[in-house]
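Remarks on the structure that follows.
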Amino acid sequence: MQLTNRAKKLEKKPMTLAERAYLPAIFQGLSITMRHFFMKKATVRYPEEVRPFSPIFRGLHVLKRDEQGRERCTACGLCAVACPAEAITMVAGERKKGEESLYREEKYAISYEINMLRCIFCGLCEEACPKAAVYLQADKIAPPRYERDEFIYGKDRLVEPVSPDARSIRGIQLTPEQADSLRSNLAQQPV
Amino acid sequence: MSPIFLFLAFVALLSALGVVFAKNPVHSVLFLILTFFALSGHYLLLNAQFLAAVNIIVYAGAIMVLFLFVIMFLNLNVDTEPHKPALAKIAAAVAGGSLLLILVAALKDIAPTGAPQDATFDSQIGMVDRLGLVLYQDYLLPFELASVLFLVAMVGAVMLGKREAGERNF
Amino acid sequence: MIELPALGWQSIVIFVVFALSLLIATYCTYAERVIAAFLQDRVGPDRAGPFGLLQPLADAVKMFTKEEFFPGGANKALFIFGPCLAMITALMSSAVIPFGNNLSFGNNAFFLQGIEVNVGMLWVFGVVSLGVYGVMIGGWASNNKFSLLGAIRAASQNISYELAMGMSLIAVLMISETLSLRTITLQQSVAGEWHFWNIVKQPLGFIIFCVCAFAETNRTPFDLPECETELVGGYHTEYSSMKLGLYLFAEYINIFVASAVMSVLYFGGFNFPFQYELRSWLVENHDWTLAAAQNLITVLGTVGLFLKIFAFIFFFMWVRWTLPRFRYDQLMRLGWTILIPLAVVNILITGGLILLGVIK
Ligand code: SF4
Ligand code: SF4
């Protein structure tokens, strides 16, 4: 039965003398490999040489702070709802008096965990977040670990560490006063 | 008798005994190879380099490989060893003993006449070209007859290996 | 002038050749991996030392520190004896290869050759034919059916290809009329004459010899004794640690020897083009003494021989990473129904040409 007319009719011809002698084919093969000998090598020598990330690479999550160093996340749970892999769990808490410089909203995440073994790095959490709190970094992969529970990233590893004096990736530079207050904020923060 | 000769003779006899007395056929074959090496050493002492090399190539290098090849195919467990009847053992002993007797009787009177007299000693006697000349001039007929013998053996092997009509091997 | 005892110089040469074989074999393991990598668009080992040059050292440390393993039911003595034998036979054959012409100091002339025997070619041939014992004994003693199959394959393969190899050699010997490798080398270049290397007179013989050399050294495309796809690891399935290392080493030394033999037999050995012209030019135009000029030629010739050998080793590896493995029946058919008849035809042609006086 003929399904398409693209089928190629293969004719089994008797081999010519050159084909049967096998040596010409060997030299053809040798010349092919010799060409590859001088080709550019595909290897990336890893620790010295890092392959450039794609511009839309989605890597390890980070929980952002605002420009005053306060955590942006309000524990609304939208990211957890959006997550197709159900990798995010969180416990919400109410902001106490005097913690205004730590958390931007009245409600904040006491704990916020992402299981990197479940996560598929789809970026839906980032899209769902109304507070622009969770981001997938464009230049960082979740590193390999020995134990499974080490893959559950808590706030200690997710929340963006801020160095007050450094210029952020987006080019925002804090004024000296802002930097000072940020430094004191960070000092009283629980790890 | 040079010490090298004594050593080689010792090795040759010891390994020849090993061939007979080793329980494991593979060990026997290995001892036989060692015997051939000792024999080649003797050839070298007799200034027959070609013979020594050919002995190693043909006997140690090819024939013994085939021996080993066949022996490896055998199932060599002790319990598969067929029990030989006493009569066969006696017959073997008698046959071997008479062979020994004949060999000793034939060789006991031989005096090594070819022993080197310094004046007539020819250092080239065992070399390839000499051997070739002798083989192809004086002994041409026996030489060719021997090769016909081999040819016959080869044809026989081919005949045995040929597929007969209607027979399927695979 | 230092007085060397009898055989003193030769033992030095043998020792140097021995060390060189080991060194070359060591670096063959590295070269194999780098060449394989380059032929496959990779870079190969480049971590240990500059360009990974210390990689063999790292491999050796690894080999020595691995667990010594004895399979149950193995014949322990022969299991150890196998790799040793493979190594011994591999090392023995380089003794007669002429690595250079003579160096002369004053009245003493030294030959860059272990031992000069007038059956040198037969010696190499005999030792090569013994090489299969190491593989066979090791494979049998492992008490493993894959090892045994590998051993049996090695045996039948070596025997089959030895025939064609010997016959292709006979054609060379008919031309040279000697079995001494040194004389064969010297014949390939005569002062003041336009003289060709044996490859010109024996192209067909060389191809046959080369194919057989691949088969005798168990290299791809004829590495059926260790064919991973069918036999796990072949004869060295059960081997670990340095015993495995000895097998791998023996293979590389065999390649080295095969390359050396091919260079000597077909590619002029330590001769290089225009050596006599260079010598007389040095003597006439630069006031060198004849001996000094000859010594320089010798050294250059030795370097040249090693370059030829390395080129062959490269060729061995190049072929390995190009051609797929033969099937076993194809291997046997090639050996018995193609190479042996071809070798016979080659002998006949050579004989005819000698009779007609075309080559001598
Ligand atoms: S990237 Fe996707 S899978 Fe990972 S946590 Fe966010 S939503 Fe879930
Ligand atoms: S990260 Fe964003 S979406 Fe997730 S809980 Fe916090 S504020 Fe809501």
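The values are calculated or read from the model by the stated rules, or taken from the named source; none is laboratory data. Note that the structure is a prediction, hence the values are computed from the model and not measured. Positions of Cβ are backbone-derived with ideal geometry, glycine not excepted, and every protein chain shown enters the neighbour counts.
State yes or no: is A:GLY171 at pLDDT below 80 and under 30 Å from A:PRO52 (Cα atoms)? Write out each step before concluding.
Working: at pLDDT below 80: yes; under 30 Å from A:PRO52 (Cα atoms): yes.
Judged against the criteria, A:GLY171 is a match.
Is segment A:124-131 home to any residue that is more than 12 Å from ligand 2 (Cβ to nearest atom) and buried (at least 16 other Cβ atoms within 10 Å of the Cβ)? Within segment A:124-131, not a single residue is more than 12 Å from ligand 2 (Cβ to nearest atom) and buried (at least 16 other Cβ atoms within 10 Å of the Cβ).
Okay, residues lined up against (1) more than 30 Å from A:THR43 (Cβ to Cβ); (2) in a helix (DSSP H, G or I); (3) over 25 Å from the mean Cα position of the chain (by Cα):
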site: C:ALA48; (1), (2), (3): no, no, yes
site: C:ALA77; (1), (2), (3): yes, yes, yes
site: C:GLY82; (1), (2), (3): yes, yes, no
site: C:ILE88; (1), (2), (3): yes, yes, no
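For segment C:11-44, a residue qualifies if it is without any contact (Cβ under 8 Å) to a residue 24 or more places away in the chain, closer than 20 Å to C:TYR247 by Cα and of a type outside the set (A, V, I, L, M, F, W, C), and exactly one does: C:ARG33.
Check segment B:29-42 and report whether any residue there is under 28 Å from C:VAL124 (Cβ atoms) and not in a helix (DSSP H, G or I).
Initial filter on segment B:29-42 (under 28 Å from C:VAL124 (Cβ atoms)): B:29-42.
In the following step, the residues that additionally are not in a helix (DSSP H, G or I) were identified as none.
Scanning segment B:29-42 turns up no residue that is under 28 Å from C:VAL124 (Cβ atoms) and not in a helix (DSSP H, G or I).
Take residues that are within 14 Å of chain B (Cβ to nearest Cβ) and within 22 Å of C:LEU305 (Cα to Cα) and tell me which of the helices (runs of 4 or more DSSP H) falling wholly in segment C:117-211 contain 2 or more. Talk me through it step by step, then tell me what you get.
Values: elements: C:120-141, C:145-176, C:181-187, C:198-201.
Helices (runs of 4 or more DSSP H) meeting the threshold: C:120-141, C:145-176, C:181-187.
Among the conditions (1) in a loop (DSSP other than H, G, I, E, B); (2) more than 20 Å from the chain's Cα centre (by Cα), the only one that A:PRO52 does not satisfy is (2).
For segment B:48-67, filtered to residues that are under 16 Å from C:SER93 (Cα atoms) and in contact with a helix residue (DSSP H, G or I) (Cβ under 6 Å, 6 or more places away or on another chain), the residue that is farthest from the other protein chains (Cβ to nearest Cβ) is B:ALA52. Taken over segment A:28-61, residues that are touching an Asp or Glu at 6+ places or on another chain (Cβ under 8 Å), within 11 Å of chain C (Cβ to nearest Cβ) and of a type in the set (Gly, Ala, Ser) amount to 1.
Of the residues C:GLY131, C:GLY139, the single one that is within 17 Å of the chain's Cα centre (by Cα), modelled with pLDDT of 80 or more and crowded, with 24+ Cβ neighbours inside 10 Å is C:GLY131.
Which one is farthest from C:THR298 (Cα to Cα), of the residues in segment C:89-116 that are in contact (Cβ under 8 Å) with a residue 40 or more places away in the chain and within 14 Å of another protein chain (Cβ to nearest Cβ)? Looking at residues that are in contact (Cβ under 8 Å) with a residue 40 or more places away in the chain and within 14 Å of another protein chain (Cβ to nearest Cβ), I get C:THR89.
Among residues of segment A:35-47 that are over 10 Å from C:VAL43 (Cβ atoms), those with a Cβ under 7 angstrom from a residue that is outside any helix (DSSP H, G or I), sequence gap 6+ or separate chain, pair up as A:HIS36/C:GLN40; A:HIS36/C:ASP41; A:MET39/C:ASP41. When you scan segment C:29-46, do you find a residue that is of a type outside the set (Lys, Arg), outside any loop (DSSP other than H, G, I, E, B), more than 30 Å from C:ASN143 (Cα to Cα) and touching a strand residue (DSSP E or B) at 6+ places or on another chain (Cβ under 8 Å), even just one? Checked segment C:29-46: no residue is of a type outside the set (Lys, Arg), outside any loop (DSSP other than H, G, I, E, B), more than 30 Å from C:ASN143 (Cα to Cα) and touching a strand residue (DSSP E or B) at 6+ places or on another chain (Cβ under 8 Å). For A:GLU94, indicate whether it is more than 7 Å from ligand 2 (Cβ to nearest atom), modelled with pLDDT of 85 or more, more than 21 Å from the chain's Cα centre (by Cα) and loosely packed, with under 14 Cβ neighbours inside 10 Å. Yes; evaluated as a whole, the condition is true for this residue.
Within segment B:11-31, identify whether any single residue is aromatic (Phe, Trp, Tyr) and either more than 10 Å from every other protein chain (Cβ to nearest Cβ) or in contact (Cβ under 8 Å) with a residue 60 or more places away in the chain (or both), and answer yes or no. Step through it out loud before you land on a result.
From segment B:11-31, those aromatic (Phe, Trp, Tyr) are B:21, B:31; that's our starting set.
Subset that is either more than 10 Å from every other protein chain (Cβ to nearest Cβ) or in contact (Cβ under 8 Å) with a residue 60 or more places away in the chain (or both): B:21, B:31.
Yes - at least one qualifying residue is present in segment B:11-31.
Could you list, in sequence order, all residues of segment C:163-182 that are touching a residue at least 40 places away in the same chain (Cβ under 8 Å) and closer than 14 Å to C:ASN118 by Cα?
As a first pass, look at segment C:163-182 and keep what is touching a residue at least 40 places away in the same chain (Cβ under 8 Å): C:163-175, C:178-182.
Listed by number, the residues that qualify are C:LEU173, C:THR178, C:LEU179, C:SER180, C:LEU181, C:ARG182.
What number of residues in segment B:32-47 are at pLDDT below 85 and more than 12 Å from every other protein chain (Cβ to nearest Cβ)? So the answer is 2.
Of the helices (runs of 4 or more DSSP H) lying entirely inside segment C:231-327, the ones with 2 or more residues being among the β-branched types (Val, Ile, Thr) and modelled with pLDDT of 85 or more are found at C:241-266, C:290-320. Listed here are the strands (runs of 3 or more DSSP E) enclosed by segment A:81-163 that have at least 2 residues being within 10 Å of ligand 1 (Cβ to nearest atom) and under 27 Å from A:PHE53 (Cβ atoms): A:107-115, A:134-136.
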